Amino acid sequence: MAETVRVLAGVVGPTLAGGVIKRRPRVMTLLEKTQADASAVRTLQRLRARRGDGLLRLAVPGRSFALVLSPDDVGRVLAESPEPFTPANLEKKKALSQFQPHGVLISEGPDRDRRREWTERALETSRPTHHLAPSVRAKVADEFAALGPGPLDWDTFAPVWWRMVRRVVFGDHARDDQATTDLPERLRLSANWSYLLPRRRRLRAEFLGRVRSLLARAPEDSLAGGLAADDEVASQIGHWLFAFDAAGMVTFRTLALLATHPAQRQQARQDLASGTELGYLRACVLDTVRLWPTTPAILRDTTKELDWNGHRVPAGTGLLVFAPLFHRDDSRLPYAHSFAPEIWLDGRAREEPSLVPFSAGPGECPAKNLVLFSSSTVLATLIGDRDYTVDSSPKPAPGRPLPATFDNFSLRLTGHP
């Protein structure tokens, strides 16, 4: 019981307080000041040293729940989804049904297979670069070229990001339709509470109705072009907007890393000059998600009773993979607290089954390549003709450990010609 209290107080509590589905800016500022993720990782490292790296069962009333502590077990759980480890976890279904009632992540059986298949087809999951890449580049250039030298904070960056996202997802006619991206933010704030708040059915119906209307008019040069204007598709697009919100935070943090790490910035610019597909910048984005996971808590439920190294795990057991434990595990990874894009290019990251910035296995984020392309294209635009300094604190820098918690909402930069 004491171990459960330590995990709930030092790991789960701060993660929930920050907002798993929609970040709470004021709480994130406090978590950054206390470096909550560093404390959480140390708590779990101590538990693992004392108990071993098997599953750690948590005494949660009315629920069978366990924490995954082994890197190899992370690989197993994610590789063997959706059976016997379903992504449609009980807590996740309660939360995500607020804004994506028919989403892939909370679907099971034939419904999941069908929804995953058309989602991968629309997002071109298997292709490094979507066929709409020229259109995305043009829309990024249109929006971000206007961000000239001078102060740049989240309140300046985010509106430009969302104008770009609406154009990419729905078409140019949605550029200034802020309500379509504001509504799911309100729903996601409710989703943070999972069980504790009733579903906001009227607000959800309004959101899905707006998305259906945009789907009906979506042009061919948008992700929504050609998709059915029904609730199933609208629901999944709700998750696309969720993913793009995380991608915006990652892009802004990556800009701060490039501003403060001259060697990586120079390598990124050489990549740009060579005319390649932004491979190094994509690696920069990947490593930013490793350092500060946008999905810190990866959840699965067991679909049947399992034997786990001689221990019985009942069907319906919730499994928690706390990504920062594995991404920042300085007992195993020499680069744990450093900006190390190279690990995604030289094979080191592939050797670690628990480095999962976009999850992994059959449940890996189907928008991974699209997000990496969009984010790296924005970064290419921003660093192509200007340098940046970080004016806020903490200030990431090479040669010393990077902060474990890094609040994008209070991050401030200045662009210089």
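The values are calculated or read from the model by the stated rules, or taken from the named source; none is laboratory data. For clarity, every value in this text was computed on a predicted model and none was experimentally measured. Don't worry about glycine lacking a Cβ; one is built from the backbone with ideal geometry, like all the others, and counts go over all protein chains shown. Each accessible area value is taken on the protein alone, full model and side chains, heavy atoms only, with ligands, DNA and RNA left out. Shrake-Rupley method; radii C 1.70, N 1.55, O 1.52, S 1.80 Å.
Here are the numbers for this structure:
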{"quantity": "Dipole of the range 25-153, positive direction: furthest Cα of PHE99, PHE144, HIS131, with charges on the beta-carbon", "calculated": "PHE99"}
{"quantity": "Protein accessible area in the range 66-140, 1.4 Å probe - carbon and sulfur %", "calculated": "55"}
{"quantity": "Along each principal axis, Cα extent of the range 262-417, largest first, Å", "calculated": "61, 33, 28"}
{"quantity": "5 Å binning of all Cα-Cα separations within the range 1-62, expressed as whole percents from 0 upward", "calculated": "4, 17, 24, 23, 15, 12, 5, 0"}
{"quantity": "Theoretical ellipticity at 222 nm over the chain - DSSP helices of four or more residues, -39500 (n - 2.57) apiece, nearest 500", "calculated": "-15500 deg cm²/dmol"}
{"quantity": "Answer label for Cα extents along the principal axes in Å (calculated), chosen among [x] 78, 52, 51; [y] 58, 52, 37; [z] 83, 54, 37", "calculated": "[y]"}
{"quantity": "Geometric extent, Cα atoms of the range 23-115 - Rg, Dmax (angstrom)", "calculated": "16.7, 46"}
{"quantity": "Dipole of the range 172-331, positive direction: furthest Cα of VAL285, LEU319, LEU241, with charges on the beta-carbon", "calculated": "LEU319"}
{"quantity": "Qualifying GluC sites (Glu not before Pro) for the range 299-395 [loop in DSSP, other Cβ within 10 Å: at most 13]", "calculated": "GLU305"}
{"quantity": "Extension reserve of the THR29-ALA146 stretch, reckoned as 0.36 nm per residue once the Cα distance is removed", "calculated": "39.3 nm"}
{"quantity": "Helix runs (DSSP H) in the chain reaching 24 Å along axis by Cα, Kyte-Doolittle at least 0.0", "calculated": "231-260"}
{"quantity": "Distance between modelled label sites at ALA17 and SER392, nm, 7 Å Cα→Cβ extension", "calculated": "1.9"}
{"quantity": "Where trypsin sites (Lys or Arg not before Pro) fall in DSSP loop in the range 34-112, at most 10 other Cβ within 10 Å", "calculated": "none"}
{"quantity": "The range 283-331 - percent of accessible surface contributed by carbon and sulfur, probe 1.4 Å", "calculated": "46"}
{"quantity": "Distance in nm between pseudo-label sites at THR129 and ARG350 (7 Å out along the Cβ direction from Cα)", "calculated": "2.1"}
{"quantity": "Dipole of the chain, positive end: most advanced residue of TRP308, VAL27, THR381 [Cβ charges, Cα centre]", "calculated": "VAL27"}
{"quantity": "Accessible solvent surface per residue of the range 265-417, calculated while the other protein chains remain in place, 1.4 angstrom probe, Å²", "calculated": "38"}
{"quantity": "Accessible area expressed per residue, the range 1-93, with surrounding protein chains retained (probe 1.4 Å, Å²)", "calculated": "46"}
{"quantity": "Viscosity 1.002 mPa s, 20 °C: Kirkwood-radius Stokes-Einstein D of the range 77-148 over Cα pairs, µm²/s", "calculated": "145"}
{"quantity": "Listed residues ALA79, ALA234, ALA315, most fluctuating in the chain (Gaussian network, C-alpha, under 10 Å)", "calculated": "ALA315"}
{"quantity": "Percent accessible area from carbon and sulfur atoms, the range 147-242, protein chains only, probe 1.4 Å", "calculated": "50"}
